[in-house]
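Here is the structure we will look at.
The values are calculated or read from the model by the stated rules, or taken from the named source; none is laboratory data. Worth saying up front: this structure is predicted, and the values here are computed from it rather than measured. These area figures cover heavy atoms from the full protein model, side chains too; ligands, DNA and RNA do not enter into them. Shrake-Rupley method; radii C 1.70, N 1.55, O 1.52, S 1.80 Å.
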Amino acid sequence: MNVNRLKQILSSSADIEVKYNGASVWIDQLNEDGKTARVHLRGPLEERTTVEIAELIEE
């Protein structure tokens, strides 16, 4: 995924499925470096992690 698409997803009210390593995630924010984003798994787990934007895949 590229940074422009990530920004579009963050500003959208639609439920857009994004995956990281095959797991469905919510994008919380774009980090200041412009190369990474803060995400968490969809579901009951609230564990957040920082990932490379290039590793996110829109389904």
Those residues of the chain which are among the β-branched types (Val, Ile, Thr) and open to solvent by 80 Å² or more (accessible area, probe 1.4 Å), in sequence order = Ile57
Residues of region 34-48 satisfying the condition of being of a type outside the set (Lys, Arg) and under 11 Å from the mean Cα position of the chain (by Cα) | Thr36, Ala37, Val39, His40, Leu41
